1. Of all DSSP beta bridges located in the chain, what percent are antiparallel, nearest 5?
2. What's the FRET efficiency of GLU269 with GLU517 using the Cβ-Cβ distance as r and R₀ = 41 Å, to the nearest 0.05?
3. What residue among ILE194, GLY360, ILE372 has its Cα farthest toward the positive end of the dipole of the chain, where the charges are +1 on Lys, Arg and -1 on Asp, Glu, each on the Cβ?
4. For the pairs LYS243/LYS403; LYS649/LYS674; LYS238/LYS351; LYS502/LYS575; LYS292/LYS575; LYS5/LYS99, note any where the Cα-Cα span goes beyond 23 Å.
5. Taking the convex hull of the Cα atoms, report for the range 469-611 its projected area averaged over all directions, in nm².
6. Beyond 34 Å, what share of the Cα-Cα pairs of the chain remains, rounded to the nearest whole percent?
7. From the P(r) of the range 246-434, can you give the percent of Cα pairs sitting at distances over 22 Å?
8. Order by neighbour count: ILE55, ILE74, fewest other Cβ atoms within 10 Å first, most last.
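Rule-based calculations on the coordinates, nothing more; no lab input. Computed from a prediction, not measured in an experiment: that's the story for all the values here. Every residue, glycine as well, gets a Cβ built from its backbone with ideal geometry; the counts of neighbours run over all protein chains shown.
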Amino acid sequence: MQYVKGVGPRRAEVLARHGMHEVRDLLFYFPRHYLDRSNIVPIATLKQNQSATIIGTVKAHGVLHGRRRRYEVILQDDSGAISLIWFQGVRYWERVFEKGQIFAATGMVSYFMGYQMIHPDLERLEEETDQLIHAGRIIPIYPQTAELSKVGLNSKGMRKLTSFVFDNLVEKLPDYLPEAERDDNRLFGLNDAIRKIHYPDQRDEVERSRRRLAYDELLEFQFLVFRNRSRKETTVKKHTYRKPGKRLTEFIESLPFKLTEGQKSVSREIFNDLRAEHPMSRLLQGDVGCGKTVVAVVAGLYVAENDLQTAFMAPTEILAEQHYRMWKEPLARAGVSSGLLTSSLKAGEKKETARRCAAGEIQILFGTHALIYDYVTFRALGLVIIDEQHRFGVEQRGKLYDKGDNPDLLVMTATPIPRTLALTLYGDLDISTIKDMPAGRKPIRTVWRGKDVRDKVYQFVIDDAGKGGQTYIVYPLIEKSDQMNLESVEDAYKDLSKGALKDCRVAMVHGRLKAAERDRILEKFRNGQLDVLLATTVIEVGLDNPNATTMIIEHAERFGLAQLHQLRGRIGRGKKQATLIAVAHPPVSEIGQRRLEYLTSTTDGFEIAEADLELRGPGEIFGIRQSGLPELRTARLVQDQDLIEASRKLLERLFAGYNSLDTGYRSLYKYLEKRASVKDAHLGGG
Ligand code: ADP
Ligand code: MG
């Protein structure tokens, strides 16, 4: 990096902190968007909820003291003016702006006593850049952080670095993709793709470059999947299982319900896997409420019968505790000891639990991320269960897995991946699906309403409480924020407990409560000592209270479809008819409206997942983590289906047998292997 003009020790350090250690990394630091004449919108034509780029001159700027201090800049072009607003960094912005300067601003248009953009992406245009744009050039805008700007590496500074590299870099990057593959898929060569994603001559070259880089990314990602699969096929487990014994049947018979056909057949699959020679890697998917937990617990019991231990990791403390409380007694009656490990336990308790686990005194250890810490060890870890697996990173799953010697792996999710993607993402896992619901469940009645009918909604809650029902009311925020005009759980609690719901027993939970306090409230709710629980999305995953039959989601237009479906899964867990009322607050975007329509039209998780992916639309990667999809920089899982297919075919060839490969394909294999080991090093194995 030090050979790049303009990079001294200080800048090098900051760049390294952004993942740019060598020149190659600079080339892979892609622009966030581009400025050119074709995507600049006259200010007068802006509409609410539109995402747009404008160019204008600073007409006025200064601090505004309202409900909350903010910095405002009035930007004007030939057609009109708009205000740009910052709630943070007022001091910093004061020094940035001068009247008469030209800026390009990119952001979402909102309306509050006039059109405005809150925290837009900003690019100061010198005369020269402005001219370049007007001369039809396309200017890359790089992702920015405060730290980068501080050392002068704002978008313009980054442009200087990348253009220096392109002008002075003599050596080209080797292109490992054989020419035939490039031709078949009509892809740019690597060097062209990289240059043009930074400095395209034509707008459409950005997309062509992206496709080439996406192809590489898909190859690298799926290489890991292929490699895992082939590794698994060659690993032999050390322990062998005895036939399932009487204790298991007795345990299942002692449950207060009969297992569904789906639960039975999946349990059989898992038992067979456990007895097999190679370690199990199984994904258990099934819609919210279908009863995955009991299947996992039964598997843990079988593992315990064979003198091995199970680690059962859940994404939240609430959920880990709930599993533990629910299963501790039944397991103990079957002679199996269990334990709980979460971060909020006292240090002494954690230590004691870890000691018992290391000594093999705990056979099934439930817990959160706390399980992956180094001080937690197992005497003989046989099975790793990951609940709501999409909530964990690869790294976390790997760390837990590495605590055993090739243990069996069962991951569970209620967010099914559309069939079309399952192979790509989970090609290394065998998939089991529970399709049926426990008997007697009624589909959740779902409606969406505007906020003007809220009085009726509250009356419904009161009537329901009169009949012994319980209600969740979900809010997007803990406390009021000036930046977002949304309802918060704290305000609602103040209002409702004295107002509309004063005759009900009301409490609230959110992520900022102390664990003990939160548990106390959830326990009361579960025991029927509360009628209404106001909450944030902390209740999203796994919470189980079969007596809760009503849910109201405020600002439903703000939530993703998969998330709404997850939330809905908190109700309808018993025999009574359950109702979800999704309350939308205007303005509701078109996409928001379509999400709500999907939500009301089906309760099938698979359909929801497909629709969710479709509605995310091109390039929208927000919330991908939540839905269990990998974070890809250039590839897009919906649009790039053809690339996914093509890259998978190529990998099948590469893995069919190294010796039968031509030289070009051998070097590709070796290259991918090298990239994979770099990733392994970052992830610490697994
Ligand atoms: P999920 O698949 O969403 O994790 P859970 O395992 O939390 O679902 O189960 C949801 C609820 O259904 C729990 O209260 C559980 O005790 C109950 N349950 C599970 N299996 C059955 C069954 N076969 N019959 C009746 N209730 C069941
Ligand atoms: Mg669950």
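1. Values: 32 of 88 bridges.
Restricted to the chain, the bridges split so that about 35 percent are antiparallel.
2. Numbers: r = 41 Å, r/R0 = 1.01.
For R0 = 41 Å, the calculated efficiency reads 0.50.
3. Most positive-ward Cα: GLY360.
4. From LYS243/LYS403; LYS649/LYS674; LYS238/LYS351; LYS502/LYS575; LYS292/LYS575; LYS5/LYS99, over 23 Å: LYS243/LYS403; LYS238/LYS351; LYS502/LYS575; LYS5/LYS99.
5. Across all orientations, the range 469-611 yields a mean hull projection of 8.9 nm².
6. Here the tail beyond 34 Å accounts for 56 percent of pairs.
7. Working: 7513 of 17766 pairs.
Summing the P(r) tail past 22 Å for the range 246-434 gives 42 percent.
8. Result, fewest neighbours first: ILE74, ILE55.
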